[in-house]
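Below is one structure; the comments refer to it alone.
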Amino acid sequence: MNQDTAGLTAEAALFHALSDPSRLLIVRHLVLGEHRVVDLTAHLGLAQSTVSKHLACLKDCGLVTSRPEGRASMWSLNHAGELLEVLGTAERLLGLTAMSPAHHYEDHHR
């Protein structure tokens, strides 16, 4: 694999991490600050196993980190400012393409 392909593979992995609505929901919630899995589960209405699976994916891409607190782990965003810039740019791009996020999602998931 040449250097250009390796860079594209890493970029694709990053966009894959942001391609799931539940992961985006978790990211947007972590913008508010650190949370335990049980807190995310309660706030977002997702199963604990689902939240844990998505956090593992986000951690693999370096977007989130955890630290122990008692018997739980506290999860937070890495590079929150840059991540919010990416999400804001995505929203502006959707606006420029005249596709609302809901319309775009429905068209590609039927």
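Each reported figure results from applying straightforward, stated rules to the coordinates on display, with no laboratory input. Keep in mind the model is a prediction, meaning the values are calculated, not measured. Every residue, glycine as well, gets a Cβ built from its backbone with ideal geometry; the counts of neighbours run over all protein chains shown.
Could you calculate the contour length gain from residue 2 to residue 76, that is, 0.36 nm times the residue separation minus the distance between their Cα atoms, to one decimal place in nm? If you can, show how the numbers build up before the last one.
Working: separation 74, 0.36 × 74 = 26.64 nm, distance 3.33 nm.
Answer, rounded to one decimal: 23.3 nm.
For a quick check: sort 27, 86 by the number of other beta carbons within 10 angstrom, fewest at the front. Walk me through the numbers on the way to the answer.
Working: 27 21, 86 15.
If I rank by nearby Cβ atoms, fewest first, I get 86, 27.
If you take the charge dipole of the chain about its Cα centre, with +1 on Lys and Arg Cβ and -1 on Asp and Glu Cβ, which of 43, 62, 6 is farthest toward its positive end?
Selected residue: 43.
Below 8 Å, C-alpha to C-alpha, sequence gap of six or more: please give me the relative contact order for the chain in percent.
Working: 74 pairs, mean separation 23.8, N = 110.
Over the chain, the number comes to 22 percent.
Give me the distance in nm between label points sitting 7 Å out from Cα along the Cα-to-Cβ direction at residue 16 and residue 47, one decimal.
2.2 nm
Nearest 500 deg cm²/dmol is fine: what mean residue ellipticity at 222 nm does the chain get from its DSSP H runs of n ≥ 4 alone, each adding -39,500 (n - 2.57), divided by its residue count? Write down the numbers at each step before the final one.
Values: 6 runs with 71 residues, N = 110.
Computed ellipticity for the chain at 222 nm equals -20000 deg cm²/dmol.
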